[in-house]
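Here the structure comes first, spelled out in structure tokens, and everything after it is commentary.
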Number of protein chains: 2
Amino acid sequence: MTPERRGKLLNALNKRQPDLAVVLENVEDPRNVTAVMRSCDAVGIQDIYIITNQGPRPEKYSFVSARSADKWVNLHHFDNLEACVKVLRSKYNRLLTTSLADNSVEIYEVDFTQSTALVFGNERRGVSAEMCALADGNINIPQVGMLQSLNISVACAVCIYEAFRQKKAAGHYDQAALEPARMNAVWESWTEGYETANWDVEE
Amino acid sequence: MTPERRGKLLNALNKRQPDLAVVLENVEDPRNVTAVMRSCDAVGIQDIYIITNQGPRPEKYSFVSARSADKWVNLHHFDNLEACVKVLRSKYNRLLTTSLADNSVEIYEVDFTQSTALVFGNERRGVSAEMCALADGNINIPQVGMLQSLNISVACAVCIYEAFRQKKAAGHYDQAALEPARMNAVWESWTEGYETANWDVEE
């Protein structure tokens, strides 16, 4: 591994944000899941929770496997919503849904410097009523147009980049935040098989 | 037309932002173009410039025609880059590219309350060198992960929602901004065929 490569890996590792996660509840389109993974990597979100309790679990997320984002983030699969919520409750202080239902707060009014798991729902049905009932609040992306139909990967990116903006201003990217054991585990997964893989081409 | 429907149309019309435009230079994937159109509608961008000087012009933008976003935004097609830039120069004070090249300013440092046309490039090649040379500046979305590969529709949404956030704080959505003649033209295009179309279902 070149020093430049190691530096790049360490830099990304030191900017991972263990207090922010994305939850995808029955998101069906593999392209949306892949785009979400790339956006999460970009803002330093390491953990993505994938709930599939309606229909089969999508197996292929990457449309271009050589640029696969799942090398860089951890996908946590659940086929039981309550089991997933239990894990989320143990790791994050707050569970926020992004439902088009009423009683939601604009993302610009949300304090994203707090530990948060953000739930995005199915492309057509949105976040389930069951999940909304279990959550601590509901947030929305303001829209002033005629449609109310932002693409799910677009909606996710707008939300987590607003989180990025706030967290960056609050200094969350100024020092490493992962626990040492987690940092080691992520490092292992990132560097596994490095000798045989030509990452500098693949990434 | 019901009063509610008219109110919704007028509300969206009064929030359109004539001082902000999106330019897509040889973006190829129709799904990306459609997602960009939906995001533009959501933040009140009425004008999208589509430059196609490499390869055929994509004709079908809508994967679900009944939810077509091209009812609500104006697409301006050009097969000549310089002709498009000439029009952009006549309508916007500033032309900013989103190239991964060096010498770019983070979107959070950009003053989006200024009149701006924002250029997004091809999915693989990015914004052309020719366009970058003609532009007034280059901006970037900060990324702290291992990949540098945000989806184009995601990148566009993150940029224009940062513009939305700034413009909203500056009061740009508090009063109508379209010129009267333009407002009439947009109203005409939005309400054309209203009597025969079941918009309340389609939108």
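Below are the figures for this structure:
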item: Conditions (1) within 10 Å of chain B (Cβ to nearest Cβ); (2) touching a residue at least 40 places away in the same chain (Cβ under 8 Å); (3) over 25 Å from residue A:83 (Cα atoms): number failed by residue A:149; result: (2)
item: Verdict on residue A:186 being more than 15 Å from residue A:17 (Cβ to Cβ) and modelled with pLDDT of 95 or more; result: no
item: The listed residue being closer than 24 Å to residue A:158 by Cβ, small (Gly, Ala, Ser) and at pLDDT 95 or above, out of A:83, A:69, A:21; result: A:21
item: Conditions (1) modelled with pLDDT under 95; (2) buried (at least 20 other Cβ atoms within 10 Å of the Cβ); (3) not in a loop (DSSP other than H, G, I, E, B): number failed by residue B:99; result: (3)
item: Subset of the range B:1-18 [out of contact with any helix residue (DSSP H, G or I) (no Cβ under 8 Å at 6 or more places or on another chain), at the interface with chain A (Cβ under 10 Å from one of its Cβ atoms) and either among the charged types (D, E, K, R) or assigned to a loop (DSSP other than H, G, I, E, B) (or both)]; result: B:8, B:15
item: Residue selected from the range B:157-177 under the condition at the interface with chain A (Cβ under 8 Å from one of its Cβ atoms) and assigned to a helix (DSSP H, G or I), by the criterion most open to solvent (accessible area, probe 1.4 Å); result: B:168
item: Meets criteria (in a helix (DSSP H, G or I) and within 28 Å of residue A:170 (Cα to Cα)) for residue A:21; result: no
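The values are calculated or read from the model by the stated rules, or taken from the named source; none is laboratory data. Note that the structure is predicted; figures quoted are calculated from it, not measured. Every residue, glycine as well, gets a Cβ built from its backbone with ideal geometry; the counts of neighbours run over all protein chains shown. Side chains included, ligands, DNA and RNA excluded: accessible areas come from the protein's heavy atoms. Shrake-Rupley method; radii C 1.70, N 1.55, O 1.52, S 1.80 Å.
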